Amino acid sequence: MIFFLHLLWRHVRQYPTRALAAVVVLTAASTIMLTLLGLGVALRFRLGDYLTELFPEEQLRLEARRANLGYIALENNPITPEKVAELKSLPGVNQVWSVEPLRFPIYATGSILGQELASDAVVHGVPRALVADSLPPDAPWRMPDDPDAPCPVIVSSYFLDLYNLGLARSSGLPALSPSALVGRDFTFVMGESVLGLGLASDVTPVQVRAKVVGLSKQPGMLGLAIPADIARAYNHKFAPGTPETYAQVVVQTARDADRQAILARAGEMGLQLAGGELLGEQLKFGVRLTGWAVIALALAIFALGMLTFYLLFTMIFHARRPDLIALRTLGLTPAQAVGLALGEVILLAATAVALALAATAGLAAWAGATMARWTEHLSWLPEDLLRPQPGWLLAGAALILGVTLLLATPMLRWVVTVRPAAVIRDR
């Protein structure tokens, strides 16, 4: 074994310039390939799957089509309970949830870091199914049995981002983490607006305790969400004469449903995809296409690098053929000759792959740190979203080693089949 390793080391040192060139070429190609592969997989699968969670394939968020008249956008065909019932009857539709706005003025007031804040609020009543991913499993989502109990509220995480990126910086206040909001108590003032908008002066405002029970990352989340039965009860109390209409409806379709047919029928009813849903569809398509393109580029660079490595190693091998013949003549068996040639390929390739993995790991750490800084105050975006996964990098390294050995097969066959006596005789 020691003699074999000594012989292998002498073979590698015999042509150091070519061996070094082969290692450098394969290292560069492998580093680029692994980096692009990790990025492409992160885009296609991690970011693509994350966007699918935000914009589920089986959900359609619809809103009433508006007609723009100058500065005014008119809803001439609002979403009514009758339309909701019609949507539920369409083939392929499993469920329809309505998003009910509060049809009267309301503002929220509370204290953050010793500062009393008050602002008009956008509040919608939604069923539990639409916010289940933001609620603790045992948290109630309905009108509390105790009249003094606070109203549960889900806050959009984008509000937290707006505070951290805008209000906190302009007011000299510290940024807040999600835990600073969840569990916080504040007050709704029903029937009154900070801006002085809304109902007539004879309406008596009512203060209602509220408590933040979760944050939602859903892009379609409109302002603050409260249980649908609470919104319905307060609409009957403060806006009894207004028609029952909805801001949006969320349609849950079957996995094999004809999405376009449902959208076409919804269009006939005066409904359209919400703006965020249209953007989400474009984002998902763009991210997936970009991911596949980056993976294809990684494989193209890998193929070019492997071809260059093959040419360099072929030059080394052909220069070494007389040595292998001499060793075979001196009694080296075909298996030992194959081991010698194969060992050289593995040594060069393993060195290149190890260097490439180290370089890729360094690039990944730098990319992860940079991404974390960019998303520091974006609570809806995971910090490690584009960080390459070790499993994919190791799979890429195994692919490089496997293809390298595959390319060496013709040369290994020559080592096995060559007859030293015939070669010496022909010379």
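The values are calculated or read from the model by the stated rules, or taken from the named source; none is laboratory data. Just so you know, these numbers come straight off a predicted model, no measurement behind them. Every residue, glycine among them, receives a Cβ derived from its backbone with ideal geometry; neighbour counts consider all protein chains shown.
Just to be sure, is residue 308 in a helix (DSSP H, G or I), within 30 Å of residue 403 (Cβ to Cβ) and within 23 Å of the chain's Cα centre (by Cα)? No, not satisfied. Picking from residues in segment 74-126 that are over 34 Å from the mean Cα position of the chain (by Cα) and among the hydrophobic types (A, V, I, L, M, F, W, C), the one that is surrounded by the fewest Cβ atoms within 10 Å (Cβ to Cβ) is 85. Of the residues making up segment 202-218, those that are in a loop (DSSP other than H, G, I, E, B) and crowded, with 20+ Cβ neighbours inside 10 Å number 1.
For residue 354, are the conditions met, namely being under 41 Å from the mean Cα position of the chain (by Cα), at pLDDT below 85 and either of a type in the set (A, V, I, L, M) or more than 19 Å from residue 52 (Cα to Cα) (or both)? Considered against the rule, which asks whether it is under 41 Å from the mean Cα position of the chain (by Cα), at pLDDT below 85 and either of a type in the set (A, V, I, L, M) or more than 19 Å from residue 52 (Cα to Cα) (or both), residue 354 comes out as no.
Evaluated against (1) more than 25 Å from residue 230 (Cα to Cα); (2) part of a loop (DSSP other than H, G, I, E, B); (3) free of Cβ contacts under 8 Å to residues at least 24 places away in the same chain; (4) not acidic (Asp, Glu), residue 147 falls short on exactly one condition, (1). Counting only strands (runs of 3 or more DSSP E) that sit wholly inside segment 68-122, those with at least 2 residues that are of a type outside the set (Lys, Arg) and farther than 30 Å from residue 185 by Cα are 72-74, 93-101.
When each of 112, 79 is tested for being over 26 Å from residue 238 (Cβ atoms), in the same structural domain as residue 226 (by TED's automatic domain parsing) and hydrophobic (A, V, I, L, M, F, W, C), the lone residue that passes is 112. Here segment 168-193 is the region considered, the condition is being part of a helix (DSSP H, G or I) and within 29 Å of the chain's Cα centre (by Cα), and the residue that is surrounded by the fewest Cβ atoms within 10 Å (Cβ to Cβ) is 179.
Going residue by residue through segment 45-67, is there one that turns out to be in contact (Cβ under 8 Å) with a residue 24 or more places away in the chain, within 23 Å of residue 285 (Cβ to Cβ), in contact with a Ser or Thr (Cβ under 7 Å, 6 or more places away or on another chain) and in a strand (DSSP E or B)? Yes. When 262, 226, 316, 230 are checked against the criterion of being at pLDDT below 85, buried (at least 19 other Cβ atoms within 10 Å of the Cβ) and β-branched (Val, Ile, Thr), a single residue qualifies: 316.
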